[in-house]
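Trainee: Next up is a structure, given as structure tokens.
The values are calculated or read from the model by the stated rules, or taken from the named source; none is laboratory data. From a predicted model like this one, the values you see are computed outputs, not experimental measurements. Here Cβ is always computed from backbone atoms with ideal geometry, including for glycine, and neighbour counts include all displayed protein chains.
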Amino acid sequence: MRQYKPLSEPIPLAPTLAQRLVQLREMRNLTCRDLARYSRLPLKRVEDIESGIETWLSSVDRQKIAKALVIEPSVLQEVEVRNNIDDEKYMQEICEQIAKSILAGAANLECPSCGGRLKSNIQDALDIEGNSTYFARAFCLNCPFVLK
Ligand SMILES: [Zn+2]
């Protein structure tokens with residue numbers, strides 16, 4: 001059978017920032033730790049980007065990563081998204097965790113937006129059926145964050 005495929009077919013790049021970063025890093029034979037070191041970014045940040053928690057980069061970070069991977073910054077930029085739905089979903093999950101912690105008696109919690117201190121309390125209210133129920137309430141002392 002004849003082969004029509006060229007021998008060095010370009011590898012298609014992954015469609016999301018997270019997948020593409022993993023792909024490019026592996027093509028360069030780097031670990032997350034290596035990439036963090038070469039790009040001078042915290043390891044946690046590299047991991048957050050690779051797990052899709054962070055879906056876009058500041059231009060400074062983009063350049064650092066691009067330089068570490070020896071690629072054009074545009075290779076990363078073209079798959080970046082500022083996805084408000086994802087941010088909201090992420091925030092919602094965090095808020096649920098905070099509410100649970102407050103109801104479990106935790107105090108001095110950290111604000112998920114700014115890392116400041118949250119002022120929290122538990123309020124009891126009646127639910128639709130007239131039963132007493134507890135709500136966690138919290139707001140940040142530093143920024144406009146309010147637990148919803
Ligand atoms: Zn805050």
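Trainee: Hey, ILE65 hits all of (1) farther than 21 Å from TYR38 by Cα; (2) away from the ligand (no atom under 16 Å from the Cβ); (3) assigned to a helix (DSSP H, G or I) but one; which does it fall short on?
Mentor: That leaves (1) as the condition not met.
Residue-by-condition table, conditions (1) of a type in the set (Val, Ile, Thr); (2) touching a residue at least 12 places away in the same chain (Cβ under 8 Å):
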{"position": "ALA99", "(1), (2)": "no, yes"}
{"position": "GLY115", "(1), (2)": "no, no"}
{"position": "LYS119", "(1), (2)": "no, yes"}
{"position": "ILE128", "(1), (2)": "yes, no"}
{"position": "ASN131", "(1), (2)": "no, no"}
{"position": "TYR134", "(1), (2)": "no, yes"}
{"position": "CYS143", "(1), (2)": "no, yes"}
{"position": "VAL146", "(1), (2)": "yes, no"}
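Trainee: Report, by residue number, each residue of segment 96-123 that is surrounded by fewer than 13 Cβ atoms within 10 Å (Cβ to Cβ), within 16 Å of the ligand (Cβ to nearest atom) and part of a helix (DSSP H, G or I).
Mentor: GLN97
Trainee: Please find, within segment 52-68, the residue that is nearest to GLU88 (Cα to Cα) out of those that are modelled with pLDDT of 95 or more and surrounded by fewer than 16 Cβ atoms within 10 Å (Cβ to Cβ).
Mentor: Step by step, filter segment 52-68, then rank; the result is GLN63.
Yes or no, residue by residue, for (1) farther than 28 Å from VAL22 by Cβ; (2) within 16 Å of the ligand (Cβ to nearest atom); (3) modelled with pLDDT of 90 or more; (4) among the aromatic types (Phe, Trp, Tyr):
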{"residue": "VAL70", "(1), (2), (3), (4)": "no, no, yes, no"}
{"residue": "LEU76", "(1), (2), (3), (4)": "no, no, yes, no"}
{"residue": "ASN84", "(1), (2), (3), (4)": "no, no, no, no"}
{"residue": "ALA125", "(1), (2), (3), (4)": "yes, no, no, no"}
{"residue": "LEU141", "(1), (2), (3), (4)": "yes, yes, yes, no"}
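Trainee: Condition first: β-branched (Val, Ile, Thr) and part of a helix (DSSP H, G or I). Now tell me which residues in segment 29-57 satisfy that.
Mentor: Residues satisfying the conditions are VAL46, ILE49.
Trainee: Could we say that GLU93 is away from the ligand (no atom under 16 Å from the Cβ), within 21 Å of SER58 (Cα to Cα), within 20 Å of the chain's Cα centre (by Cα) and free of Cβ contacts under 8 Å to residues at least 12 places away in the same chain here?
Mentor: Considered against the rule, which asks whether it is away from the ligand (no atom under 16 Å from the Cβ), within 21 Å of SER58 (Cα to Cα), within 20 Å of the chain's Cα centre (by Cα) and free of Cβ contacts under 8 Å to residues at least 12 places away in the same chain, GLU93 comes out as no.
Trainee: Go through segment 69-84 and report how many residues are of a type outside the set (Lys, Arg), loosely packed, with under 12 Cβ neighbours inside 10 Å and touching a Ser or Thr at 6+ places or on another chain (Cβ under 9 Å).
Mentor: Summing the residues that are of a type outside the set (Lys, Arg), loosely packed, with under 12 Cβ neighbours inside 10 Å and touching a Ser or Thr at 6+ places or on another chain (Cβ under 9 Å) in segment 69-84 gives 1.
Trainee: Something else: Does segment 18-37 include one or more residues that are of a type outside the set (Ser, Thr, Tyr) and under 30 Å from PHE139 (Cβ atoms)?
Mentor: No: segment 18-37 contains no residue that is of a type outside the set (Ser, Thr, Tyr) and under 30 Å from PHE139 (Cβ atoms).
Trainee: While we're looking at this one, here's another question. Quick one: in segment 124-145, of everything that is more than 15 Å from ALA107 (Cα to Cα) and charged (D, E, K, R), which residue is farthest from the chain's Cα centre (by Cα)?
Mentor: Checked segment 124-145; the qualifying residue farthest from the chain's Cα centre (by Cα) is GLU129.
Trainee: Could you please tell me which pairs satisfy a Cβ distance under 7 Å, a separation of 6+ or placement on different chains, a first residue in segment 43-58 that is closer than 16 Å to LEU24 by Cα, and a second residue that is in a helix (DSSP H, G or I) and among the aromatic types (Phe, Trp, Tyr)?
Mentor: none
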